[in-house]
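Peer 1: The structure that follows is given in the form of structure tokens.
The values are calculated or read from the model by the stated rules, or taken from the named source; none is laboratory data. Worth saying up front: this structure is predicted, and the values here are computed from it rather than measured. All Cβ positions, glycine included, derive from the backbone under ideal geometry; neighbour counts span all protein chains shown.
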Amino acid sequence: MKQPAVLVVEDEPAIAELIAVNLRHNGFQPTVAPDGSTAQREIDAVLPDLVLLDWMLPGESGLSLARRWRSDPRTKAVPIIMLTARGDETDRVAGLDAGADDYMAKPFSTKEMLARIRAVLRRRAPEQGAVALEIGALKLDTATHRVTYAEQPLKLGPTEFKLLQYLMGHAERVHSRGQLLDKVWGDHVFIEERTVDVHIKRLREALGEAAAMVETVRGAGYRFSAQAMTSVPAARG
Ligand code: CA
């Protein structure tokens with residue numbers, strides 16, 4: 001297997017070097033960029049398998065870089081883990097909303113960093129075999145990675161796609177946040193249950209009229225239900 005390439009965007013040389021050494025010793029190929037413009041040049045040259053992105057950088061911030069890479073079709077699928085000295089909830093949610101896959105508050109241990117990187121790479125790994133799911137007017141196809149509602153295409157982020165795939169594949173059942181983390185995120189050791197709510201919110205936004213199918217079950221979790229839709233939409237031409 002090829003060594004995963006990791007772009008480390010970090011302006012503090014001592015931290016960047018420590019991360020790079022540890023990545024190299026653990027089977028990764030790190031490249032260090034001390035600022036946003038260097039990082040952009042690196043990413044333009046070679047698409048990495050993952051980006052470790054410091055929030056506080058000279059010039060353009062990590063948050064702004066994450067947003068830019070998420071909106072560019074070429075880089076939108078590259079997993080991003082934000083690194084920051086700021087650890088509060090608002091920042092974490094802002095990081096996830098900017099499209100980061102995960103968030104690590106400094107200082108972190110090498111063990112934690114490697115576990116998070118492996119977890120993100122694992123859940124970004126392509127699914128084995130194609131699955132086509134259809135519930136009511138909502139269709140999801142893993143082969144084409146497309147979701148449509150009443151034949152209209154919907155735009156979902158990679159995590160929302162996996163979440164919807166799991167919910168549609170296990171419809172009418174109630175799933176706790178812990179169960180969803182386990183099944184959709186794969187390794188929830190370092191991910192908080194609040195993360196599930198952030199992605200459910202984004203999934204509902206992406207589903208538009210079909211959002212009612214994602215039900216909140218008070219005190220229990222979430223359920224995907226076709227019965228939650230009061231009317232079946234006519235196909236729009
Ligand atoms: Ca910094």
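Peer 1: Let me spell it out: the conditions are (1) exposed (fewer than 14 other Cβ atoms within 10 Å of the Cβ); (2) within 17 Å of Met104 (Cβ to Cβ), and Asp54 meets all of them except one. Which number is the exception?
Peer 2: Evaluating Asp54 over (1) exposed (fewer than 14 other Cβ atoms within 10 Å of the Cβ); (2) within 17 Å of Met104 (Cβ to Cβ) leaves (1) as the failure.
Matching residues to (1) modelled with pLDDT under 95; (2) farther than 23 Å from Gly99 by Cα; (3) part of a helix (DSSP H, G or I):
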position: Gln165; (1), (2), (3): yes, no, yes
position: Val184; (1), (2), (3): yes, no, yes
position: Asp187; (1), (2), (3): yes, no, no
position: Ile200; (1), (2), (3): no, no, yes
position: Ala206; (1), (2), (3): no, no, yes
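Peer 1: Sticking with this one: How many residues, within segment 27-41, are surrounded by 19 or more Cβ atoms within 10 Å (Cβ to Cβ) and outside any strand (DSSP E or B)?
Peer 2: Residues that pass the stated criteria total 3.
Peer 1: So is Asp11 buried (at least 17 other Cβ atoms within 10 Å of the Cβ), acidic (Asp, Glu) and either in the same structural domain as Lys106 (by TED's automatic domain parsing) or over 21 Å from the mean Cα position of the chain (by Cα) (or both) or not?
Peer 2: Against the criterion (buried (at least 17 other Cβ atoms within 10 Å of the Cβ), acidic (Asp, Glu) and either in the same structural domain as Lys106 (by TED's automatic domain parsing) or over 21 Å from the mean Cα position of the chain (by Cα) (or both)), Asp11 qualifies.
Peer 1: What residue, among those in segment 34-46 that are free of Cβ contacts under 8 Å to residues at least 40 places away in the same chain and more than 16 Å from the ligand (Cβ to nearest atom), is nearest to the chain's Cα centre (by Cα)?
Peer 2: Taking the candidates together, the pick is Ile43.
Peer 1: Scan segment 2-26 for residues that are more than 12 Å from Leu52 (Cβ to Cβ) and either more than 13 Å from the ligand (Cβ to nearest atom) or assigned to a helix (DSSP H, G or I) (or both) and jot them down.
Peer 2: Residues satisfying the conditions are Lys2, Gln3, Pro13, Ala14, Glu17, Val21, Arg24, His25, Asn26.
Peer 1: So which residues in segment 148-163 are farther than 24 Å from Ala98 by Cβ and assigned to a loop (DSSP other than H, G, I, E, B)?
Peer 2: Of everything in segment 148-163, those that are farther than 24 Å from Ala98 by Cβ and assigned to a loop (DSSP other than H, G, I, E, B) turn out to be Ala150, Glu151.
Peer 1: Quick one: in segment 167-182, which of the residues that are in a helix (DSSP H, G or I) and of a type in the set (Gly, Ala, Ser) is nearest to the chain's Cα centre (by Cα)?
Peer 2: Within segment 167-182, the match that is nearest to the chain's Cα centre (by Cα) is Gly178.
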